[in-house]
């Protein structure tokens, strides 16, 4: 069950180190400051591009970033996939009490499983 939560409530929970994975935010008609977007994204909440607000006047110029930019090699493209999983109460309680970020855990487990399968199939 995804409960609705406001942006300010989500940011308060994040500041307090509480998980926000069981909540959803309605981003219709809302603009979110770019710095808050980074906090929400790190906590696993995807913010639509249309909801992101930034003011160019708030951006400070840095001389280190002036001049010519050189393109560097980038890692393979990444796509975001949303999944829903059912957790037994004891597992959910364990994950919450240990501040386990399930999205990051699943991402690392799948990556490791994929690499292991790839190594095994090459032999």
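Quick note: the coordinates plus some simple rules give every number you see, no bench work behind them. The structure displayed is predicted, hence computed values, not measured ones. When we count neighbours, we look across all protein chains shown, and the Cβ atoms used for this are built from the backbone with ideal geometry, even at glycine.
Kirkwood hydrodynamic radius computed over the chain comes to 17.9 Å, based on all pairs of distinct alpha carbons. Neighbour counts of other Cβ atoms within 10 Å put 4, 84, 39 in the fewest-to-most order 84, 4, 39. Placing a pseudo-label 7 Å from each Cα along the Cα-to-Cβ vector at residue 83 and residue 8 gives an inter-label distance of 3.7 nm. Over the residues of the chain, the helix contribution to mean residue ellipticity at 222 nm works out to -12000 deg cm²/dmol, using -39500 (n - 2.57) for each DSSP H run of at least 4. Taken over segment 1-55, the alpha-carbon convex hull comes to 75 cubic angstrom per residue.
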